[in-house]
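Right, one structure below, let's go through it.
The values are calculated or read from the model by the stated rules, or taken from the named source; none is laboratory data. Computed from a prediction, not measured in an experiment: that's the story for all the values here. Backbone-built Cβ (ideal geometry, glycine too); neighbour counts: all protein chains shown.
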Amino acid sequence: MRPLFHPSIKDVTVEGILHALSDPVRLAIYAQIVASTCSQNCSDFIKISEKGIPKSTLSQHFKILRDAGLIRSERRGVEMQNASRCAEIDARFPGLIAPIINAHNAQCRGRRRPAKARRQTQSDLSGTP
């Protein structure tokens with residue numbers, strides 16, 4: 001197997017990071033990796049969205065995150081373990097990652113509210129009972 005490419009932190013760009021995180025599935029994957037205290041197996045993300053994601057598509061998502069410098073991947077046997085490079089990125093671009101992850105988490109919480117609570121909030125905004 002050929003070695004995995006991990007860009008030097010000096011080669012990581014804001015544009016590359018924003019492009020990598022512009023896809024909702026990649027953002028969800030990265031948010032879960034950042035929230036984890038240990039590295040995550042690629043297979044842990046097959047059910048990251050409502051529909052299952054094919055392994056080949058997941059591999060492409062991880063490659064884009066890795067090429068952007070957001071994650072570090074390591075082969076362990078037949079599995080690929082992924083860890084965040086958040087501390088390195090935060091040292092290079094202070095305050096870039098946390099607001100993106102916080103916004104993603106807030107958006108996800110908004111989607112998980114029960115339908116009755118959403119209807120009530122919408123009626124509160126429109127002023128109708």
Q | Selected residue (only one of ILE89, ILE101, ILE97, ILE71 is of a type in the set (A, V, I, L, M) and either at pLDDT below 90 or more than 13 Å from the chain's Cα centre (by Cα) (or both)) | A | ILE89
**Q.** Residues that are among the basic types (Lys, Arg) and either under 19 Å from ASN105 (Cα atoms) or assigned to a helix (DSSP H, G or I) (or both), drawn from the range 1-11
**A.** LYS10
**Q.** Cβ pairs under 9 Å, 6+ apart, first in the range 93-113 and on the phi > 0 side of the Ramachandran plot and surrounded by 11 or more Cβ atoms within 10 Å (Cβ to Cβ), second outside any helix (DSSP H, G or I) and at pLDDT 95 or above
**A.** none
Q) Which one is surrounded by the most Cβ atoms within 10 Å (Cβ to Cβ), of the residues in the range 43-68 that are of a type in the set (D, E, K, R) and touching a residue at least 40 places away in the same chain (Cβ under 8 Å)? A) ARG66
Q | Residues being surrounded by 11 or more Cβ atoms within 10 Å (Cβ to Cβ), out of contact with any Lys or Arg (no Cβ under 8 Å at 6 or more places or on another chain) and over 16 Å from PRO99 (Cα atoms) - total across the range 30-42 | A | 4
Q) Just checking, how many residues over the range 1-29 are among the aliphatic types (A, V, I, L, M), within 16 Å of ASN102 (Cα to Cα) and in contact with a helix residue (DSSP H, G or I) (Cβ under 8 Å, 6 or more places away or on another chain)? A) 6
(Q) Report every pair of residues separated by at least 6 positions or lying on different chains whose Cβ atoms are under 9 Å apart, first residue within the range 1-15 and in contact (Cβ under 8 Å) with a residue 12 or more places away in the chain and exposed (fewer than 10 other Cβ atoms within 10 Å of the Cβ), second of a type in the set (D, E, K, R) and not in a helix (DSSP H, G or I). (A) MET1/ARG75
